[in-house]
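The next block holds one structure in the form of structure tokens; read it before the comments.
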Amino acid sequence: MSRGGRMAGVTSASPSVLDVAPVIPVVVIDDAAHAVPMARALVAGGLPAIEVTLRTPAALDAIRAIAAEVPEAVVGVGTVLTPEHVESSVAAGARFLVSPGWTERLLGAMRASGVPFLPGVSTTSEVVALLERGVTEMKFFPAEAAGGTAYLRSLASPLPQARFCPTGGIDASRAAGYLALPNVGCVGGTWMLPSDVVAARDWGRVEELAREAAALRP
């Protein structure tokens, strides 16, 4: 995230989206009608930072609905790949942006948006390149495939200024190991949103799983 990691709308005690909660739910929404009750359940369970991915046609409508009807949620947008994605996401009400990787063009658009962002990295060179550009908060993706906790632990000493939100292959059993690392602010995952539970609209169960995830930080 840029600009000192400050995030509009987050209190001074939690200046960065990495510090809002230990887990950011990564949401793939097929039905925009699920967006508001899902967001309310996640917030009630203690996970107010929600990343809605741009993987479905319903995504932008879902973001608009959450932004309008669940003000206590910090709704962000994931799978941001182009400057056009940046523009449409911010217009829909996104309060932060997440990309699986970055290019100069995409990074420039995210900076220009004025919205906090987490560009994706998976190599040391990418991390150094972002630090060189003044970006200290990043998404580490795909976390498990790219080396997991061992890789991130090895970055902590030479690159202590870099902080990460690892995402990709992380579940409830792996999350605590990431959260124990000094350079990890939070993790992203989907395990609190099982497809059968969402299909059944069992928002009470989503809230329970969110509460368990919110209690994961050691």
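The values are calculated or read from the model by the stated rules, or taken from the named source; none is laboratory data. Just so it is clear, the structure is predicted and the values come from calculations on it, not from any experiment. Note: ideal-geometry Cβ built from the backbone for every residue, glycine included; neighbour counts use all protein chains shown.
Could you pull out the residue among Val27, Val17 that is among the aliphatic types (A, V, I, L, M), at pLDDT 95 or above and surrounded by 24 or more Cβ atoms within 10 Å (Cβ to Cβ)? Full working, then the answer.
On the way: Val17 fails: at pLDDT 95 or above.
Just a single option satisfies the conditions, and that option is Val27.
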Gly46 vs (1) modelled with pLDDT of 95 or more; (2) out of contact with any Ser or Thr (no Cβ under 8 Å at 6 or more places or on another chain); (3) part of a loop (DSSP other than H, G, I, E, B); (4) within 19 Å of Ala109 (Cβ to Cβ): all pass except (4)
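Considering each residue of the range 92-140, count those that are of a type in the set (Asp, Glu), under 16 Å from Ala162 (Cβ atoms) and surrounded by fewer than 18 Cβ atoms within 10 Å (Cβ to Cβ), and give that number. So that I can check it myself, show each step before the final result.
Keep residues of the range 92-140 that are of a type in the set (Asp, Glu), which gives 104, 126, 132, 137.
With under 16 Å from Ala162 (Cβ atoms) added as a condition, the list becomes 126, 132, 137.
Then drop every residue that is not surrounded by fewer than 18 Cβ atoms within 10 Å (Cβ to Cβ), which leaves 126, 132.
So the count comes out to 2.
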Answer with yes or no whether Ala62 is surrounded by fewer than 24 Cβ atoms within 10 Å (Cβ to Cβ) and either at pLDDT below 95 or not in a loop (DSSP other than H, G, I, E, B) (or both).
no
Filter the range 32-71 down to the residues that are over 16 Å from the mean Cα position of the chain (by Cα) and not hydrophobic (A, V, I, L, M, F, W, C) and list them by number.
His34, Pro37, Arg40, Gly45, Thr56, Pro57, Asp61, Arg64, Glu69, Pro71
Within the range 93-109, can one find any residue that is of a type outside the set (D, E, K, R), closer than 19 Å to Thr56 by Cβ and more than 11 Å from the chain's Cα centre (by Cα)?
yes
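Quick check on the range 174-218: of everything there that is hydroxyl-bearing (Ser, Thr, Tyr) and within 28 Å of Glu126 (Cα to Cα), which residue is surrounded by the fewest Cβ atoms within 10 Å (Cβ to Cβ)? Spell out the reasoning first.
Applying the first criterion (hydroxyl-bearing (Ser, Thr, Tyr)) to the range 174-218 yields 178, 190, 195.
Next cut, within 28 Å of Glu126 (Cα to Cα) only: 178, 190.
Numbers: Tyr178: 28, Thr190: 17.
So the residue we want is Thr190.
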Looking at the range 159-169, is at least one residue small (Gly, Ala, Ser), over 18 Å from the mean Cα position of the chain (by Cα) and modelled with pLDDT of 95 or more?
no
I'd like the full set of residues that are outside any loop (DSSP other than H, G, I, E, B) and either surrounded by fewer than 19 Cβ atoms within 10 Å (Cβ to Cβ) or aromatic (Phe, Trp, Tyr) (or both), limited to the range 68-89.
Ala68, Glu69, Pro83, Glu84, Glu87, Ser88
